Amino acid sequence: MNFAPILEIVRELKDNTPTGEKPNQELKESLNAKLKAFGNVRISGRLAVPPRVMGKAAFVHLSDGVCRLQIYVRKQDAKPISNDTGETIDEEGKAWEVFGLLDHGDFIGTEGYLFLTNTGELSVHVETIQFLSKSLMPMPDKMHDIADPEISRRYRYVDLIASSLRNKTDDELEEERQTGVKKLTTREVFERRAKLISGMRRFLDDHDYIEVETPMLTPKATGAAATPFETDHKALGIKLYARIAPELYLKRLTVGGFEKVYELNRNFRNEGLSHKHNPEFTMLEFYCAYMDVNGMMDFAEAMIKKSVRKAVGSLQVKYGGHEIDFEQFERISMKEAIARHWDAKFSKLGSETFEESWLDDSKKLVLLFRFFDWKVEEDIFSSEQMLQEKIDDMWKVTNQRLEEDHIGFDVTEARASISLARLFEIVAESKLIQPTFIIDYPKSISPLSKASPENPQIAERFELFINGMECANGFSELNDPQEQYERFVDQMKERETGDEEAMVLDEDYIRALAYGMPPAAGIGIGIDRLVMLLTNKHSIRDVILFPHLRPEKRDEDRKDEA
RNA sequence: CGGUCGGUAGCUAAGUCUGGCUUAAAGCAGCGGACUUUUAAUCCGUUAAUCGUGAGUUCAAAUCUCACCCGACCGACCA
């Protein structure tokens with residue numbers, strides 16, 4: 001059916017009706033005659049509101065989960081359809097009886113002709129009505145959100161019903177008008193998520209990438225540094241781990257000749273839950289042969305721009321108090337970022353003054369890291385009352401302790417690198433609001449990336465930060481089996497010294513590299529976090545349909561009481 | 001694991017600081033009734049709450065104290 005002429009008629013009435021006034025009766029009647037000429041329509045859906053009954057006629061809206069259309073049931077005009085025979089029951093008042101049994105939330109099917117009401121709303125004048133399905137539970141309040149976040153996340157279906165049935169209050173509409181930010185319904189959040197994902201898939205497909213599926217259950221938890229979920233395979237009698245990243249499998253595929261591959265699927269990490277961490281999360285990883293880190297940044301930027309525009313309709317996004325602009329992606333090195341966001345409170349440290357060159361000095365790096373780490377622990381870092389004296393004193397103490405520990409004489413490259421990275425997290429990370437590629441990562445914390453030809457201590461690696469959140473991580477892939485083996489060995493040494501995050505050695509991957517892997521660049525993009533940014537949601541749980549929650553305790557309580 | 005805030009009918013919630021004249025408001029939903037163009041329909045009537053759980057203080061506790069449970073946010077942990 002072509003809806004355009006119908007919309008045209010609705011618009012004509014609206015255009016000729018001053019706001020707040022009832023439409024002209026004559027015009028309405030003439031338009032209604034045109035509408036009736038279209039013949040009958042059939043619609044079905046859920047009763048979006050409790051029926052508004054007025055004696056012998058009633059209005060009610062039907063919802064299909066997204067939109068709603070009003071139906072008008074008049075006692076003398078409607079006939080019910082029997083669910084037993086499928087036939088219309090031609091009995092005076094029977095449909096009205098059936099209608100009287102309906103509740104907010106039930107599903108019905110109707111047939112009738114279109115018309116415009118006295119207030120100008122397009123409605124269906126019902127001729128036949130059929131009961132389809134019952135809602136036994138009470139519907140959520142039509143004017144309020146589900147206030148309890150637990151209900152909206154644990155019983156997502158209720159949340160989705162609520163968001164589809166709910167009307168916005170005048171205050172909310174006014175607020176949206178003033179701020180220009182539309183508050184998304186739960187439904188819209190997940191529609192936007194779907195659009196972003198399909199936009200990304202489309203972009204990659206258009207650039208000749210092939211989507212693949214690599215193992216979710218793996219004998220080794222590799223490709224990233226994280227605690228895995230463990231399970232075991234009974235028939236094989238082996239331990240399996242839920243994958244923490246598909247990285248090494250995807251790179252095996254580049255060895256096998258897939259020059260452009262991607263996988264968009266779940267990763268699992270057995271770690272803490274937070275507003276930006278869920279045990280399972282969605283990651284897009286892709287690899288492109290003969291590309292390097294800079295090419296990858298260009299490509300990723302183009303892809304994110306295009307899919308953001310597709311999902312949101314623009315490149316500017318309001319997030320909390322910030323407006324994030326996806327128009328420009330800055331590229332600065334880790335050291336530059338630290339220097340730029342260095343807190344002026346810490347410019348003078350004892351008799352010394354902070355300079356960017358300190359960031360090239362291994363001993364100073366360790367010193368600064370210890371200084372800040374200690375302050376974070378003491379919870380003084382965030383205090384407004386910080387006095388220069390106190391800073392000087394702490395600086396002195398940190399220096400002394402370092403001397404006592406005899407560190408500084410043989411600061412390892414790895415230790416300095418870790419200090420630099422931690423310093424970056426403390427000083428700069430949260431300040432990176434606009435899309436920013438941080439480049440020049442230390443090699444020792446990037447065991448899968450290729451080292452820079454100009455500076456062997458630096459990896460050809462970047463991470464993308466938006467609103468202080470790490471959203472992507474990419475690099476020129478290390479494809480030398482010998483060097484990769486050595487890097488894994490270094491990681492194992494780190495592990496032995498207590499760094500549990502260090503990466504696990506994967507011999508088969510080394511073997512794959514030994515067959516020859518083309519030079520390639522790859523990236524992993526955290527989809528959930530990106531969706532958070534695009535939907536103005538501040539918890540990852542609000543962009544995952546069924547997030548992980550503590551198991552429900554209520555039933556147990558009841559058992560205990562019994 | 002630490003800090004902050006919260007838990008009162010099916011939903012949204014007032015009351016908690018300053019314990020008692022509150023029979024624990026009110027709106028929505030529900031139930032009964034009126035109404036043949038309403039739209040957060042309206043009008044009349046009405047049901048519904050061991051005030052998160054347990055203990056304590058008190059003549060008296062939704063209100064004060066302690067413990068516990070549940071949740072949110074912020075930290076810690078976690079690329």
| task | Any chance you could count how many residues in segment A:540-562 are modelled with pLDDT of 85 or more and within 10 Å of RNA strand B (Cβ to nearest atom)? | result | 3
| request: From A:290, A:319, grab the single residue that is open to solvent by 70 Å² or more (accessible area, probe 1.4 Å), in contact (Cβ under 8 Å) with a residue 24 or more places away in the chain and aromatic (Phe, Trp, Tyr). | output: A:290
| request: Return the residue satisfying two criteria in turn: it lies in segment A:223-280 and is under 26 Å from residue A:209 (Cβ atoms) and without any contact (Cβ under 8 Å) to a residue 12 or more places away in the chain, and of such residues it is surrounded by the most Cβ atoms within 10 Å (Cβ to Cβ). | output: A:256
| Scanning for something at pLDDT 80 or above and either surrounded by fewer than 14 Cβ atoms within 10 Å (Cβ to Cβ) or more than 20 Å from residue A:545 (Cβ to Cβ) (or both), does segment A:167-176 turn up at least one residue? | no
| request: Please go through segment A:64-80 and pick out each residue that is at pLDDT 90 or above and either assigned to a loop (DSSP other than H, G, I, E, B) or within 45 Å of the chain's Cα centre (by Cα) (or both). | output: A:69, A:70, A:71, A:72, A:73, A:75, A:76, A:77, A:78
| Has segment A:481-492 got at least one residue that is in a loop (DSSP other than H, G, I, E, B) and open to solvent by less than 70 Å² (accessible area, probe 1.4 Å)? | no
| task | Answer yes if at least one residue in segment A:511-519 is within 12 Å of RNA strand B (Cβ to nearest atom), out of contact with any Pro (no Cβ under 7 Å at 6 or more places or on another chain), aliphatic (A, V, I, L, M) and at pLDDT 95 or above, and no otherwise. | result | no
| query | When the residues of segment A:177-208 are filtered to those that are assigned to a loop (DSSP other than H, G, I, E, B) and at pLDDT 95 or above, which remaining residue is surrounded by the fewest Cβ atoms within 10 Å (Cβ to Cβ)? | reply | A:208
| request: Under 6 Å between Cβ atoms, at least 6 apart or on separate chains: pull out the pairs that start in segment A:62-78 with a residue that is open to solvent by 70 Å² or more (accessible area, probe 1.4 Å) and end on any residue that is part of a strand (DSSP E or B) and near RNA strand B (Cβ under 10 Å from one of its atoms). | output: A:68/A:61; A:74/A:57
| query | Does segment A:476-496 contain at least one residue that is of a type in the set (Gly, Ala, Ser), in contact with a helix residue (DSSP H, G or I) (Cβ under 9 Å, 6 or more places away or on another chain), in the same structural domain as residue A:522 (by TED's automatic domain parsing) and closer than 27 Å to residue A:219 by Cβ? | reply | no
| request: Could you check residue A:83 against (1) open to solvent by less than 70 Å² (accessible area, probe 1.4 Å); (2) more than 12 Å from RNA strand B (Cβ to nearest atom); (3) touching a residue at least 24 places away in the same chain (Cβ under 8 Å) and say which number it fails? | output: (1)
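The values are calculated or read from the model by the stated rules, or taken from the named source; none is laboratory data. Since we're looking at a predicted model, the values are computed, not measured. Here Cβ is always computed from backbone atoms with ideal geometry, including for glycine, and neighbour counts include all displayed protein chains. What goes into the accessible areas is simple: the full protein's heavy atoms, side chains included, and nothing from ligands, DNA or RNA. Shrake-Rupley method; radii C 1.70, N 1.55, O 1.52, S 1.80 Å.
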